[in-house]
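First the structure, in the form of structure tokens, and then the observations on it.
The values are calculated or read from the model by the stated rules, or taken from the named source; none is laboratory data. All values derive from a computational prediction rather than experimental measurement. A quick note on method: Cβ atoms are made from the backbone with ideal geometry, for glycine too, and the neighbour counts reach across all protein chains shown. Protein only, heavy atoms only, side chains kept; ligands, DNA and RNA dropped before computing areas. Shrake-Rupley method; radii C 1.70, N 1.55, O 1.52, S 1.80 Å.
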Amino acid sequence: MARRIQENPQLDMTPMIDVVFELIIFFVVTLTQCNAKDETIRLEDGRHGIELTPEEMPPTQMTVDVARTGRISMGDITLTPEQIGQRVKERKRKFGEFPVLIRADKNARHEAVARVMNACTANGIWKISFMAIHEHKAK
Amino acid sequence: MARKPQDNPQLDMTPMIDVVFELIIFFVVTIKQEDIFSKLNANRPAPATSSASEENDTQVKIDIGSGGLVFNGRLMNPKQFDQALREISKTSKSAMVTIRCSLDSYHKYLVYALDTCNKYRMFNVSVFTI
């Protein structure tokens with residue numbers, strides 16, 4: 001049963017294109033889930049701060065969200081200050097000194113922000129940054 | 001039922017172009033234009049070092065309460081506060097700034113104070129909670 005040789009063989013690109021599109025959609029969807037954050041947070045303007053470019057956000061950086069209600073979260077998972085402290089401790093053991101960025105709502109009370117800062121200082125992180133809006137894009 | 005080989009097979013691009021346009025439209029519609037963010041750095045002083053200060057540095061103390069920014073014992077609006085820090089920045093660039101926030105103060109005042117310090121190149125800022 002010999003396979004008949006085609007005179008002018010052509011590679012069918014259709015399945016490859018299908019698979020490529022599937023992969024693109026998969027990565028777009030999963031990437032959005034990785035960047036999950038508290039969408040209710042409204043930040044204060046901070047035009048004179050350091051612009052947050054990808055270089056200013058090292059992979060070791062820890063971002064903690066503080067909502068107007070005082071809810072503390074990371075990646076949209078609600079955490080207690082003790083749990084934040086635990087995460088800081090683990091991260092410090094792995095990476096040493098690392099930056100902490102607090103993304104707090106402009107109308108959040110300082111009490112909630114202080115809880116996060118205390119969790120950091122209790123575990124040896126003294127340098128803390130606050131996120132603000134450098135430039136408005138969304139209307 | 002053998003498939004008849006075509007003499008001159010051509011890849012039909014039309015469905016692919018259709019799908020590509022659909023995807024472009026989908027992403028254009030769903031994409032959100034994000035704001036550009038900034039970060040404002042601050043130090044959280046250790047309790048042992050909080051009282052230690054260098055004599056030759058200018059000390060700037062800012063209090064933040066539920067009502068807003070208090071500087072030199074006076075409640076200030078953002079414009080007055082900006083002006084006060086500008087005056088200090090003229091005389092001392094390496095001023096040590098201490099921001100003391102009360103638990104019931106709003107976070108926006110702290111961000112505003114830090115932003116104004118950055119504006120006048122005062123980067124040695126410590127944040128306390130009282």
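Below is a table of values for the structure above.
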| quantity | calculated |
| --- | --- |
| Rule-of-thumb Rg ratio for the protein assembly as shown [Cα; 2.2 N^0.38 Å; N residues] | 1.47 |
| Binned Cα-Cα distance frequencies in segment B:54-129 - 5 Å width, integer % | 3, 17, 32, 26, 15, 5, 1 |
| Residue list for segment B:88-104, given a label point 7 angstrom along the Cα-to-Cβ vector of B:N124 and an amide N cut-off under 13 Å | B:92-98 |
| Total formal charge among the other residues, if their Cβ is under 12 angstrom from that of A:Q83, Lys/Arg +1 and Asp/Glu -1 | +1 |
| Point-to-point label distance, B:R74-A:I50, nm (Cα→Cβ direction, 7 Å offset) | 3.4 nm |
| 5 angstrom amide H check on A:A108, placed H, neighbours 5+ away | B:H107, B:K108 |
| 5 angstrom amide H check on B:C101, placed H, neighbours 5+ away | B:I64, B:F128, B:T129, B:I130 |
| Theoretical ellipticity at 222 nm over chain B - DSSP helices of four or more residues, -39500 (n - 2.57) apiece, nearest 500 | -11000 deg cm²/dmol |
| Antiparallel bridges, percent of DSSP beta bridges restricted to segment B:54-129 (to nearest 5) | 40 percent |
| Chain B, relative contact order in percent, only Cα pairs under 8 angstrom and at least six apart counted | 28 percent |
| Share of carbon and sulfur in the accessible heavy-atom surface of chain A [1.4 Å probe, %] | 55 percent |
| Chain A, relative contact order in percent, only Cα pairs under 8 angstrom and at least six apart counted | 29 percent |
| Student exercise, segment B:54-129 dipole from Lys, Arg, Asp, Glu Cβ charges, in Debye to nearest 20 | 280 debye |
| Amide H within-cut-off set for B:K61, under 5 Å, with H built and near neighbours excluded | B:T98 |
| Net charge of neighbours whose Cβ lies under 13 Å from the Cβ of B:R44, counting Lys and Arg as +1 and Asp and Glu as -1 | +3 |
| Segment B:72-90-segment A:71-139 distance, computed between alpha-carbon centres (Å) | 28 Å |
